[in-house]
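A quick write-up on the structure given underneath.
The values are calculated or read from the model by the stated rules, or taken from the named source; none is laboratory data. All figures in this text were calculated on a predicted structure; none of them were measured in a lab. So basically every Cβ, Gly included, is an ideal-geometry build from the backbone, and we count neighbours across all protein chains shown.
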Amino acid sequence: MSIIVDQDTRLVVAGLTGREGSFHGLRNREQGTEVVAGVTPGKGGQDVEGIPVFDTVAEAVSETGANTSMILVPPPFAAGAMDEAIDAGIGTVIAITEGVPVMDMLDTYWKARDAGVRLIGPNCPGVLSPGKANVGIIPAEFFEAGPIGVVSKSGTLTYQIGNELGQAGAGNSSIVGIGGDPVVGSDFVDVLALFEEDPETEMIVMVGEIGGDAEERAAEYIAENLSKPVVAYIAGFTAPPGKQMGHAGAIISGSSGTAQAKKDALEAKGIRVGKSPTETATIAVEVLGG
Amino acid sequence: MDLLEYQGKELFSKHGLPVPVGKHAPDAESAVEAADQIGYPVAVKAQVLIGGRGKAGGIKIASNAEEAAAHAEAIIGMEITGPHGEGPFTVGELWIEEGSEIEAEYYASVILDRAAKKLLVLLSATGGMDVEAIAESDPDALVRHHVDPVKGLAEDEAVEVARKAGIPEETADQVAAILISLVEIAKAEDATLIELNPLAVVAGGKVVALDAKVTIDGNSLFRHPELADLADDLGGDPQEEMARRKGLTYVKLDGDIGVFGNGAGLCMSTLDVVAQAGGRPANFLDAGGGARAEGIMDALEVITSDPKVKAVLFNIFGGITRGDEVARGIIEATERSGIDLPMVVRLDGTNSDEGLALLSESGIDNLHYEKTMLGAAEKVVELAGGSGE
């Protein structure tokens with residue numbers, strides 16, 4: 001097991017003929033992912049090192065049985081590419097693209113929800129299930145298979161913590177970058193629920209950062225729904241208090257969005273929060289051993 | 001990206017949302033000219049991106065040209081600190097507006113609700129003051145309505161919101177129309193927040209936006225070239241300005257340890273760890289994914305242009321970013337600019353061994369290497385001369 005991507009993943013890469021698309025698509029293939037197709041309008045019939053390219057996702061699905069799509073197209077076209085994948089019957093859409101307008105994501109979020117499609121990202125490093133599949137830009141060589149699930153808003157910080165876990169001798173079931181944008185397809189709670197159901201995952205490390213109230217909502221959710229232990233890390237204690245623009249943000253979330261507010265919310269529910277990536281890994285290994 | 005009041009109001013006018021007659025004035029002379037054209041009394045309003053301008057003396061009423069000139073001269077150049085200690089911001093420009101007889105003040109806003117993944121309309125019959133306090137003390141006084149992501153805000157819904165908020169019958173239709181307009185503007189202009197506080201009833205029972213707080217999604221600027229131009233005019237800190245021109249994400253802090261990280265999360269975490277080691281970070285700088293030599297040189301230039309910086313920490317965990325590229329950037333930038341500040345480098349991830357080899361071959365003697373993030377933070381604090389107090 002593991003979650004979201006595994007040996008059954010059949011990946012179609014939106015933007016495979018582009019610089020980023022070909023680099024990461026081919027890298028994902030080297031790392032063991034079944035990369036079955038690429039999509040670039042107008043380039044159907046070509047191939048990228050043996051991976052067939054189609055004009056549309058629908059063709060890629062019917063020709064290759066693709067079930068997962070990675071979005072690596074420029075921001076103005078990213079939501080359109082996600083919509084196309086959803087319409088073509090893809091079950092899992094993982095959007096790496098950074099800089100997608102949030103209004104586009106409001107529409108695409110509901111489109112995915114209504115269609116029952118799992119959307120991860122945008123602006124995320126993707127999902128890695130070590131030894132099985134890697135969809136995205138996580139450097140797979142730093143991770144080994146193991147019992148700890150990681151869910152994170154941040155890319156590089158996830159690598160840092162995953163690496164510290166590895167050095168402490170603990171591997172990962174899956175590493176899920178949910179992305180740091182205001183509207184992402186899956187929140188902490190969505191991914192926590194998947195880890196709870198995954199028999200290979202024994203515990204979860206959750207990596208948050210300032211802004212929004214996803215960590216606060218996750219704290220509530222963990223307390224009510226999770227049997228597996230969770231250890232958290234929050235980045236941004238020394239971030240400057242942003243200039244306050246209006247009041248509506250604080251009114252609706254009831255949270256200031258600061259790192260301290262998030263830490264307090266988690267600790268109030270009995271969730272341990274590491275002070276640094278190193279300490280977080282140490283606590284996680286301790287919890288796993290205990 | 002936050003808009004100044006006048007920029008917000010110009011946006012409202014474009015979409016037919018009623019605002020008082022006003023003119024933008026970049027200096028005192030044009031302020032008097034604008035006031036003469038509008039007719040007295042006028043409000044002379046400081047244009048800064050923080051609340052609490054009025055209390056700080058940044059809004060004055062002028063009943064003739066002499067007063068307008070005096071107020072304009074006093075307000076331009078004024079330093080205003082926000083209610084939460086933000087800033088201080090120096091007032092660089094003014095908005096001159098017709099004086100309004102205010103009969104009532106409401107509060108209206110539309111905001112992106114990240115948790116619900118919908119736009120949320122907020123309305124209260126009490127505005128012009130601390131709505132956070134009202135929301136807390138009398139939650140029913142602030143009506144919240146989520147906008148259907150497909151259908152938008154229908155007229156009957158908007159009228160119902162106005163009725164629930166206790167907006168008087170005679171202005172309810174105007175307020176409902178304004179709510180619909182807010183939602184349309186948010187969608188059309190990619191605004192994640194539009195706040196009208198107050199939304200005022202002025203002479204003749206007309207409802208107008210007396211203030212405007214607007215936040216535009218920075219990711220959408222490619223389809224709003226006119227708003228992208230405004231971003232260039234926002235001014236601010238010299239390092240932040242320089243970073244913006246170079247396309248880097250940089251936030252100035254008040255310490256003496258320059259920080260260079262890749263990825264916002266790792267960079268924030270680096271600041272925290274430096275603080276835990278007893279140091280004070282001078283900045284947040286996210287070089288982003290895939291930073292190459294050229295970008296690293298730009299970043300180092302921005303960081304070291306802050307005269308307070310005594311030492312620099314590079315904390316890189318390569319995914320897309322390659323360690324050898326980072327190393328080349330550091331070497332080139334150091335050689336070209338002659339930077340002699342102590343620099344601590346912690347490189348991990350993709351091609352980090354190659355990067356570290358390049359750095360040690362370079363023979364640059366102000367470079368130090370550390371294997372771990374904590375070790376690197378402690379080293380840079382030591383090199384900067386302790387806590388920097």
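Observations
- Segment A:140-162, subset touching a Pro at 6+ places or on another chain (Cβ under 9 Å) and over 24 Å from A:Ala218 (Cα atoms), residue surrounded by the most Cβ atoms within 10 Å (Cβ to Cβ): A:Phe143
- Scanning segment A:140-169 for residues that are in a strand (DSSP E or B) and over 10 Å from the mean Cα position of the chain (by Cα) turns up A:Ala145, A:Gly146, A:Pro147, A:Ile148, A:Gly149.
- Residue within segment A:127-139 that is crowded, with 22+ Cβ neighbours inside 10 Å, of a type in the set (Ser, Thr, Tyr) and within 14 Å of chain B (Cβ to nearest Cβ) present: no
A quick yes/no check of all residues on (1) surrounded by fewer than 24 Cβ atoms within 10 Å (Cβ to Cβ); (2) under 30 Å from A:Glu196 (Cα atoms):
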{"position": "A:Val53", "(1), (2)": "yes, no"}
{"position": "A:Ile71", "(1), (2)": "no, yes"}
{"position": "A:Ala78", "(1), (2)": "no, no"}
{"position": "A:Asp87", "(1), (2)": "yes, yes"}
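- The lone criterion from (1) more than 13 Å from A:Val5 (Cα to Cα); (2) at pLDDT 95 or above; (3) within 11 Å of chain B (Cβ to nearest Cβ) left unmet by A:Gly180 is number (2).
- Of all residues in segment A:195-236, exactly one satisfies the criterion of being basic (Lys, Arg) and either surrounded by 19 or more Cβ atoms within 10 Å (Cβ to Cβ) or under 22 Å from A:Gly146 (Cα atoms) (or both), namely A:Lys228.
- The sole residue among B:Ser137, B:Ser100, B:Ser109, B:Ser124 that is polar (S, T, N, Q), surrounded by fewer than 22 Cβ atoms within 10 Å (Cβ to Cβ) and touching a residue at least 40 places away in the same chain (Cβ under 8 Å) is B:Ser100.
- Once segment B:193-206 is narrowed to residues that are surrounded by 24 or more Cβ atoms within 10 Å (Cβ to Cβ) and either without any contact (Cβ under 8 Å) to a residue 60 or more places away in the chain or β-branched (Val, Ile, Thr) (or both), the residue that is nearest to B:Arg144 (Cα to Cα) is B:Ile194.
- Filter result for B:Ala200 (more than 17 Å from the chain's Cα centre (by Cα) and over 25 Å from B:Ala125 (Cβ atoms)): no
- Those helices (runs of 4 or more DSSP H) lying entirely in segment B:263-338 with at least 1 residues at the interface with chain A (Cβ under 8 Å from one of its Cβ atoms) and of a type in the set (D, E, K, R): B:264-276
- All positions within segment B:116-133 that are part of a helix (DSSP H, G or I) and at the interface with chain A (Cβ under 9 Å from one of its Cβ atoms): B:Val131, B:Glu132
- Any chance B:Lys187 is modelled with pLDDT of 95 or more, closer than 26 Å to A:Tyr109 by Cβ and of a type in the set (Lys, Arg): yes
- Of all residues in segment B:270-309 being in contact (Cβ under 8 Å) with a residue 60 or more places away in the chain and not aliphatic (A, V, I, L, M), the one that is surrounded by the most Cβ atoms within 10 Å (Cβ to Cβ): B:Thr270
- Qualifying residue in segment B:316-338 (condition: at positive phi and small (Gly, Ala, Ser)): yes
- Residue that is surrounded by the most Cβ atoms within 10 Å (Cβ to Cβ), among those in segment A:253-264 that are under 26 Å from B:Leu374 (Cα atoms) and touching a residue at least 24 places away in the same chain (Cβ under 8 Å): A:Lys262
- Enumeration of residues in segment B:252-262 that are in a loop (DSSP other than H, G, I, E, B) and under 18 Å from A:Pro277 (Cβ atoms): B:Asn262
- The listed residues are B:Val150, B:Val161, and the only one of them that is closer than 23 Å to B:Lys187 by Cα and assigned to a loop (DSSP other than H, G, I, E, B) turns out to be B:Val150.
- Residue within segment B:360-368 that is under 28 Å from A:Ile138 (Cα atoms), more than 14 Å from chain A (Cβ to nearest Cβ) and among the hydroxyl-bearing types (Ser, Thr, Tyr) present: yes
- Residue in segment B:344-355 that is free of Cβ contacts under 8 Å to residues at least 60 places away in the same chain, closer than 12 Å to B:Lys310 by Cα, under 32 Å from the mean Cα position of the chain (by Cα) and surrounded by 14 or more Cβ atoms within 10 Å (Cβ to Cβ) present: yes
- In segment A:222-253, residue modelled with the highest pLDDT [restricted to those that are more than 7 Å from chain B (Cβ to nearest Cβ) and under 26 Å from B:Glu132 (Cβ atoms)]: A:Ile234
A quick yes/no check of all residues on (1) closer than 17 Å to B:Asp27 by Cα; (2) away from chain A (no Cβ under 14 Å):
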{"site": "B:Leu49", "(1), (2)": "no, no"}
{"site": "B:Gly54", "(1), (2)": "no, yes"}
{"site": "B:Gly58", "(1), (2)": "yes, yes"}
{"site": "B:Ala65", "(1), (2)": "yes, yes"}
{"site": "B:Ala70", "(1), (2)": "yes, yes"}
{"site": "B:Glu93", "(1), (2)": "yes, yes"}
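- Tally of residues being farther than 20 Å from A:Lys153 by Cα and within 11 Å of chain B (Cβ to nearest Cβ) across segment A:81-111: 3
- Taking the criterion of being surrounded by fewer than 15 Cβ atoms within 10 Å (Cβ to Cβ) and in contact with a strand residue (DSSP E or B) (Cβ under 6 Å, 6 or more places away or on another chain), the only residue of segment B:64-80 that qualifies is B:Glu79.
Yes/no per residue for (1) in contact with a Phe, Trp or Tyr (Cβ under 7 Å, 6 or more places away or on another chain); (2) basic (Lys, Arg):
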site	(1), (2)
B:Leu153	no, no
B:Lys164	no, yes
B:Gln174	no, no
B:Ala188	no, no
B:Asn197	yes, no
